[in-house]
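The values are calculated or read from the model by the stated rules, or taken from the named source; none is laboratory data. All of these numbers come straight from a predicted model, not from anything done at the bench. In this analysis, Cβ positions are derived from the backbone assuming ideal geometry, glycine residues included, and neighbour counts consider all displayed protein chains.
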Amino acid sequence: MTHDTSSYGKWPTGCAVVSCAAIVGLVLSLGSITTAAQVPASGTEDANNWPQYHRTSNAWRYSPLEQINKTNVGKLKVAWIRQGGDITHGIQETPIVVDGVVYSITAQNRVAALDARSGKEIWRFEPRLDPLTKKVLFSPYSRGVTVGRGKVFIATVDGRGIALDQKTGEEVWQVHLTDFTNCHGCNFTSPPVLAGDVLTFGSTAGELATAGKIYGVDADSGKKLWEFETIKRDQKSWPGESGKYGGGGAWLPGTYESEGLLRNRQSGKEFCGRGPGGRQPLHRLGDCSRPKDRRVEMVPAGDPTRRVGL
């Protein structure tokens, strides 16, 4: 099935009410912006940006900025509101902010670049989703986009990866990765992870009655490089055919650390899995392949056949 992604929907220019589907900008007059230290500690680098889903490669999701704190947070005022379109399922994203531009994705996988100071739209993109998305358990949504290599990358609910030009929003490439038509859980609800020049896309799976998969894609060309099943197909772990129908969901974005965040391990690994509630440190994440083990499987971004267990 072909997909026409050149279609742009009409978004409302005004907003009568503030809803959960609106991007809200807040402002507080506190003088000049705090700059990062010359030699920032791990997790505090690039303080004035939120350049990736977890902000930094160690996935702390921590901002070191101190201008807004418990003594002045009550003085925040709304600076602008940007309505993202269809409010169905609201906004579940972590907006990406790079050099004063907010990259946002809302319901129906609509993407927009916004001026962070004014909320003014720089560009927008709306993919034409497969009509079968209307039969999915949930309305189309995404937890965010990925920005890098001069592009904005999105993963759609109908199983595609799409790259947009970071400056113009024009489509650069798209690739269909999953058998969305014949597989209920073969969709994407989270942004891909950029590991050097490789993008990794994790399918929803899990409770949607299919095994999870991770796909490797060349970030510049959109060429599919590899496909990795998170379920270890053995009868001890998954009796009968149970492995075909659930487990190993890969929807939570992983992390990529090219400088060797993990001690005594090779760099360039990506975690698949998570601990209870997603709150465990990286070295305690749950294993993707064995549901009862407390191990971690690390997957080299360029070679999914090599697995290193902790």
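Laid out as a table, the results:
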quantity	calculated
Number of the exception - Thr94 against (1) part of a loop (DSSP other than H, G, I, E, B); (2) over 26 Å from Glu257 (Cβ atoms)	(2)
Counted residues, region 99-146 - those being touching a residue at least 24 places away in the same chain (Cβ under 8 Å), part of a helix (DSSP H, G or I) and more than 13 Å from Asp86 (Cβ to Cβ)	1
Meets criteria (of a type in the set (S, T, N, Q), buried (at least 16 other Cβ atoms within 10 Å of the Cβ) and at positive phi) for Gln108	yes
Residue count, region 63-84 (criterion: modelled with pLDDT of 90 or more and not in a strand (DSSP E or B))	14
Odd one out for Ile87 among (1) among the β-branched types (Val, Ile, Thr); (2) part of a loop (DSSP other than H, G, I, E, B); (3) within 21 Å of Thr204 (Cβ to Cβ)	(3)
Qualifying residue in region 174-196 (condition: aromatic (Phe, Trp, Tyr), touching a His at 6+ places or on another chain (Cβ under 9 Å) and either under 18 Å from Leu252 (Cα atoms) or part of a loop (DSSP other than H, G, I, E, B) (or both))	no
Qualifying residue in region 247-263 (condition: surrounded by 17 or more Cβ atoms within 10 Å (Cβ to Cβ), at pLDDT below 85, in a loop (DSSP other than H, G, I, E, B) and at positive phi)	yes
Per-region count, region 201-222, residues assigned to a loop (DSSP other than H, G, I, E, B), on the phi < 0 side of the Ramachandran plot and surrounded by 17 or more Cβ atoms within 10 Å (Cβ to Cβ)	6
Region 179-209, residues that are within 18 Å of Ser221 (Cα to Cα) and either touching a Ser or Thr at 6+ places or on another chain (Cβ under 6 Å) or among the charged types (D, E, K, R) (or both)	Pro191, Pro192, Val193, Leu194, Asp197
Tally, over region 40-60, of residues that are closer than 19 Å to Pro95 by Cα and free of Cβ contacts under 8 Å to residues at least 24 places away in the same chain	9
Sole exception among (1) closer than 17 Å to Ala250 by Cα; (2) touching a residue at least 60 places away in the same chain (Cβ under 8 Å) for Arg149, by number	(1)
Filtered residues of region 226-236 (kept if more than 29 Å from the chain's Cα centre (by Cα) and surrounded by 11 or more Cβ atoms within 10 Å (Cβ to Cβ))	Asp234
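For every residue, the table says whether it meets (1) surrounded by 22 or more Cβ atoms within 10 Å (Cβ to Cβ); (2) among the acidic types (Asp, Glu); (3) within 25 Å of Asn58 (Cα to Cα).
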site: Thr133; (1), (2), (3): no, no, no
site: Ser142; (1), (2), (3): yes, no, yes
site: Arg149; (1), (2), (3): no, no, yes
site: Phe153; (1), (2), (3): yes, no, yes
site: Thr156; (1), (2), (3): yes, no, no
site: Glu171; (1), (2), (3): no, yes, no
site: Ser190; (1), (2), (3): yes, no, yes
site: Gly196; (1), (2), (3): no, no, yes
site: Lys224; (1), (2), (3): no, no, no
